[in-house]
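Student: Starting off with a structure, shown below.
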There are 2 protein chains.
Amino acid sequence: MPVIVPLEEIQKALRTIDPLPLIEEGFVAYSAGRVVVPPVGEMIFENPPGDVHIKYGFIRDDDLFVIKVASGFYDNPKIGLPSGNGLMLLFSQKTGELEAILLDEGYLTNVRTAVAGAIAAKYLAPRHVRCVGILGAGTQGRMQLEYLRKVKAFGEVIVWGLDNEELDAYRRDMEALGFKIKTTLEPADVASAANLIVTCTPSKKPLLRADWIRPGTHITAVGADTPEKQELDSAIFKKASRVVVDSLRQAESRGEVFKALAAGTVRMSDVVEIGRVIADERMRRSAEDEITVADLTGVAVQDIQISKAVWNALRLA
Amino acid sequence: MPVIVPLEEIQKALRTIDPLPLIEEGFVAYSAGRVVVPPVGEMIFENPPGDVHIKYGFIRDDDLFVIKVASGFYDNPKIGLPSGNGLMLLFSQKTGELEAILLDEGYLTNVRTAVAGAIAAKYLAPRHVRCVGILGAGTQGRMQLEYLRKVKAFGEVIVWGLDNEELDAYRRDMEALGFKIKTTLEPADVASAANLIVTCTPSKKPLLRADWIRPGTHITAVGADTPEKQELDSAIFKKASRVVVDSLRQAESRGEVFKALAAGTVRMSDVVEIGRVIADERMRRSAEDEITVADLTGVAVQDIQISKAVWNALRLA
């Protein structure tokens, strides 16, 4: 019988481990061509509106393979349910047996996205981060900070959000965790104060303008994961000395690099995968005054590795 | 929390219900274009050799959608495990919530295949079945008989298998269930004795020759589900007055009809889907001396409906 792990146990397990090394390994394996990720399965529902995605894959010669199911049913809040849901299934790569069902309700997708942001900062941010800037005061805007603090020391945080109510809640929550939070309704304030910026909004038009970005800034964009979404002015890529993505293949069809390719401000030959940045230190920031950009659209190897991290913690406990 | 249902409970639930009406409904919905079945997901492993398939879909405006995972790891028997494995996940089509996990280990795929055979016999076999012929003395050869008896009265059964050891075991098992079993090592014996024949082998060359088939015979072929496998001499299709498949789309690329199309003994315009046969009695056998053929390659709507049948039985119990 497989082990069934509810969300609370997943969250408890995550507090005992650091998932960063496994996700880094996953990115390196992905960029080395050792990860098999078949096309995503999809079902679309109309009444009520909903979509379901099935993402799956494995690292060659690993112990496990993973199937993730993630759904969004946008009328759920009307009946008191979260719109997002999901689970991850872990199977033995040696026998096909189902070992564990992680009923994470979409939580692990948020974690692996936040961990990817921390990895980008670890390898690309300037040595001294005087202020972290966050665009988007939602769940991901919170989690990015939590995982950033594991890899970087920083003093202040400046957060942009849609309104003061949202920002007040963010400040309250994050100050309780020990962060020093300033809030603003002007994205330009973030650009002028922070030298490490993470954008995590569902915006469909650029929030950060190129002429605001100061030398010595690193930007990680995690919000845009479709061809429509965009958080960064494409001209920012002209100012960047290093452009990093999680997946070259995905960058050609979605996210910030996709928009910048269309705008002619970046060429694919200038873009490197984060797996190569992790594996080869020559691919990282080479001077403190460079501008660097990481555009993360999310790859299945992160799902594989975050679920393995949780499952390893549970089965070895 | 979803309900987790182990194999023994699934088998117990199946003994309390008749899954045939839901599977018939599924075929009718499929042929009416009301079933959404995206392309099958696949992962192939090399060391040890294994394959995993993800089949999923839903009937429009139904309550549930289903994701099935089925695997075959062919070295498993060396370590005392079955090679086949699998599970079915049932989700709400209204909220995306996971309602139930049926840990059927591949069993429900066998059941839905046997039920489809029974449905084909119900609508296409001659009124009086004097003898049932089964080619293939394995699991499916047993289950076909069990479900056939729910829809048709018949006296004797003649079974072809690879060797006497396999056939003796089959006779022992099935006589314990009340069947009258004759065995043979010659497929021709089956053709001359039976007027309802079910082929359920993994054969890659024809087992039944056209000149053996007598007027008034119905044949259901369930073994060939790939472009390579074949159980019926393609010339049989020239003698058939009615050719039925579960899926016209699949029949173009696998199974007996696929081979017969290549041999020029059938045209797609002569083939009808079983969903239409169920819905319209003019599509069925019209005379006792006709030869009819049903070629079933297996469609996801059967998985959807068999798992719903089990889940309905359990949640209403």
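The values are calculated or read from the model by the stated rules, or taken from the named source; none is laboratory data. Just so it is clear, the structure is predicted and the values come from calculations on it, not from any experiment. Quick reminder, even Gly has a Cβ in these numbers, built from the backbone with ideal geometry, and neighbours come from all protein chains shown.
Student: So, in segment A:154-172, of the ones that are modelled with pLDDT of 95 or more, over 21 Å from residue A:202 (Cα atoms) and more than 20 Å from the chain's Cα centre (by Cα), which residue ends up surrounded by the fewest Cβ atoms within 10 Å (Cβ to Cβ)?
Tutor: Going through the qualifying residues, I end up with A:172.
Student: Somewhere in segment B:15-24, is a residue within 8 Å of chain A (Cβ to nearest Cβ), closer than 22 Å to residue B:274 by Cβ and crowded, with 16+ Cβ neighbours inside 10 Å? Steps first, please.
Tutor: Here is the first cut: in segment B:15-24, the ones within 8 Å of chain A (Cβ to nearest Cβ) are none.
Checked segment B:15-24: no residue is within 8 Å of chain A (Cβ to nearest Cβ), closer than 22 Å to residue B:274 by Cβ and crowded, with 16+ Cβ neighbours inside 10 Å.
Student: Restricting the search to segment A:70-80, which residues are within 8 Å of another protein chain (Cβ to nearest Cβ) and within 20 Å of residue A:140 (Cβ to Cβ)? Break it down stepwise before answering.
Tutor: Initial filter on segment A:70-80 (within 8 Å of another protein chain (Cβ to nearest Cβ)): A:71-73, A:76, A:79.
Once the filter is applied, which keeps residues that are within 8 Å of another protein chain (Cβ to nearest Cβ) and within 20 Å of residue A:140 (Cβ to Cβ), segment A:70-80 yields A:71, A:72, A:73, A:76.
Student: Within segment B:147-201, can you find the residues that are part of a helix (DSSP H, G or I), of a type in the set (D, E, K, R) and in contact with a Phe, Trp or Tyr (Cβ under 8 Å, 6 or more places away or on another chain)? Even if it seems obvious, please write down each step before you answer.
Tutor: Of all residues in segment B:147-201, those part of a helix (DSSP H, G or I) come to B:147-148, B:164-176, B:187-193.
Still in the list and also of a type in the set (D, E, K, R): B:165-166, B:168, B:171-173, B:175, B:189.
Matches in segment B:147-201: B:189 only.
Student: Considering only residues of segment B:25-38 that are outside any helix (DSSP H, G or I), closer than 23 Å to residue B:86 by Cβ and more than 8 Å from chain A (Cβ to nearest Cβ), which is modelled with the highest pLDDT?
Tutor: Pass one, segment B:25-38, residues outside any helix (DSSP H, G or I): B:32-38.
Next, only the ones that are closer than 23 Å to residue B:86 by Cβ stay: B:35-38.
If we keep only those that are more than 8 Å from chain A (Cβ to nearest Cβ) too, we end up with B:35, B:37.
On the way: B:35: 97, B:37: 93.
The selected residue is B:35.
Student: What are the pairs with Cβ atoms under 9 angstrom where one residue, in segment A:134-147, is over 15 Å from residue A:202 (Cβ atoms) and the other, located anywhere, is among the charged types (D, E, K, R)? Sequence gap at least six, or different chains.
Tutor: A:142/A:173
Student: Right, something else. If residue A:67 satisfies all but one of (1) more than 7 Å from chain B (Cβ to nearest Cβ); (2) crowded, with 17+ Cβ neighbours inside 10 Å; (3) part of a strand (DSSP E or B), what's the number of the condition it fails?
Tutor: Of (1) more than 7 Å from chain B (Cβ to nearest Cβ); (2) crowded, with 17+ Cβ neighbours inside 10 Å; (3) part of a strand (DSSP E or B), only one is false for residue A:67: (1).
Student: Give me the pairs, please: first residue somewhere in segment A:48-63 and assigned by TED's automatic domain parsing to the domain that holds residue A:100, second residue anywhere and of a type in the set (Gly, Ala, Ser), beta-carbon distance under 6 Å, and either six or more positions apart or on two chains.
Tutor: A:50/B:96; A:51/A:72; A:52/A:71; A:53/A:70; A:54/A:41; A:55/A:300; A:57/A:300; A:59/A:29
Student: Let me ask another. If you take the residues in segment B:40-50 that are over 20 Å from the mean Cα position of the chain (by Cα) and under 29 Å from residue B:248 (Cα atoms), which one is surrounded by the most Cβ atoms within 10 Å (Cβ to Cβ)? Before the answer, list the steps.
Tutor: Pass one, segment B:40-50, residues over 20 Å from the mean Cα position of the chain (by Cα): B:41-50.
Narrowing the set further to residues that are under 29 Å from residue B:248 (Cα atoms) leaves B:41-44, B:50.
Working: B:41: 20, B:42: 13, B:43: 22, B:44: 10, B:50: 24.
Per the stated criteria, the residue is B:50.
Student: Out of segment B:232-248, which residues are surrounded by fewer than 20 Cβ atoms within 10 Å (Cβ to Cβ), out of contact with any Ser or Thr (no Cβ under 7 Å at 6 or more places or on another chain) and within 12 Å of residue B:291 (Cα to Cα)?
Tutor: Hit for segment B:232-248 is B:239, nothing else.
Student: Just checking, how many residues over segment A:214-225 are out of contact with any Phe, Trp or Tyr (no Cβ under 9 Å at 6 or more places or on another chain) and either within 21 Å of residue A:137 (Cβ to Cβ) or surrounded by 24 or more Cβ atoms within 10 Å (Cβ to Cβ) (or both)? Even if it seems obvious, please write down each step before you answer.
Tutor: First, the residues of segment A:214-225 that are out of contact with any Phe, Trp or Tyr (no Cβ under 9 Å at 6 or more places or on another chain): A:214-223, A:225.
Cutting the leftovers down to either within 21 Å of residue A:137 (Cβ to Cβ) or surrounded by 24 or more Cβ atoms within 10 Å (Cβ to Cβ) (or both) gives us A:217-223, A:225.
Total meeting the criteria: 8.
Student: Right, here's the next one. Select the helices (runs of 4 or more DSSP H) contained entirely in segment A:205-317, then report the ones holding at least 2 residues which are within 29 Å of residue A:11 (Cβ to Cβ) and not assigned by TED's automatic domain parsing to the domain that holds residue A:126. Break it down into steps so the answer makes sense when it comes.
Tutor: Values: elements: A:236-239, A:248-251, A:255-263, A:274-279, A:300-316.
Helices (runs of 4 or more DSSP H) meeting the threshold: A:300-316.
Student: Continuing with the same structure: For residue A:69, which of the numbered conditions (1) under 20 Å from residue A:101 (Cα atoms); (2) out of contact with any His (no Cβ under 8 Å at 6 or more places or on another chain) fails to hold?
Tutor: It is condition (2) that residue A:69 fails.
Student: Residue pairs, Cβ under 6 Å, 6 or more apart or interchain, first in segment A:81-98 and more than 8 Å from chain B (Cβ to nearest Cβ), second assigned to a loop (DSSP other than H, G, I, E, B) and of a type in the set (Ser, Thr, Tyr). List them.
Tutor: Cβ pairs passing all conditions: A:83/A:74.
Student: Of all residues in segment A:1-14, how many are within 14 Å of another protein chain (Cβ to nearest Cβ) and either among the aliphatic types (A, V, I, L, M) or closer than 17 Å to residue A:68 by Cβ (or both)?
Tutor: Narrowing segment A:1-14 to residues within 14 Å of another protein chain (Cβ to nearest Cβ): A:1-10.
Now drop any that are not either among the aliphatic types (A, V, I, L, M) or closer than 17 Å to residue A:68 by Cβ (or both), which leaves A:1-7, A:10.
The total comes to 8.
Student: Which residues, counting only those in segment B:238-262, are out of contact with any strand residue (DSSP E or B) (no Cβ under 6 Å at 6 or more places or on another chain) and of a type in the set (A, V, I, L, M, F, W, C)? Explain how you work it out, then say what you get.
Tutor: At the first step, the residues of segment B:238-262 found to be out of contact with any strand residue (DSSP E or B) (no Cβ under 6 Å at 6 or more places or on another chain) are B:238-239, B:241, B:246-247, B:249-250, B:252-254, B:258-262.
Hits for segment B:238-262 are B:258, B:260, B:261, B:262.
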